[in-house]
1. If packing is taken as the average count of other Cβ atoms within 10 Å, what order do 105-115, 58-68 fall into, highest mean first?
2. Using a 10 Å cut-off around each Cβ, can you sort 144, 2 from fewest to most neighbouring Cβ atoms?
3. For labels at residue 33 and residue 92 in the simple 7 Å Cα→Cβ model, what's the distance in nm?
4. Cα convex hull of the chain: mean projected area in nm², to one decimal?
């Protein structure tokens with residue numbers, strides 16, 4: 001069994017380490033700044049941590065309410081899954097599905113009809129996870145830039 005808890009404090013057990021595992025290239029300060037920013041806008045951001053039966057943090061979902069255009073969607077606002085992570089030893093046990101249901105529940109309460117997400121073209125495990133969670137691929141994009 002897993003317990004899902006809404007993150008309402010920067011001291012939420014597991015939130016920071018799970019973020020660091022999901023986005024290892026960001027510094028601790030960057031993570032802490034993003035956590036603080038999200039906590040300052042509870043009407044826009046929702047975050048959940050999953051705990052196992054021994055209260056170890058085993059999963060994280062972060063989402064935002066987006067009112068701007070979101071690729072592949074037809075409505076607004078859109079519940080946007082910013083990140084989802086489950087510790088390797090707990091994968092394929094329903095943790096991600098339970099986290100997504102919590103995000104979806106909050107999104108529906110905010111008037112959302114759709115949930116969207118993204119991942120990189122080369123992140124095949126994430127693409128498979130999204131599909132297993134009920135997401136459908138809407139498009140593929142390659143971004144470009146040039147100096148001015």
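1. Output ranking for 105-115, 58-68: 58-68, 105-115.
2. If I rank by nearby Cβ atoms, fewest first, I get 144, 2.
3. 3.9
4. Mean projected area for the chain: 10.1 nm², to one decimal.
Every read-out reported here was derived from the displayed coordinates using simple, explicitly stated rules and does not represent laboratory data. Computed from a prediction, not measured in an experiment: that's the story for all the values here. Because the Cβ atoms are built from the backbone with ideal geometry, glycine has one as well, and the counts that use them run over all protein chains shown.
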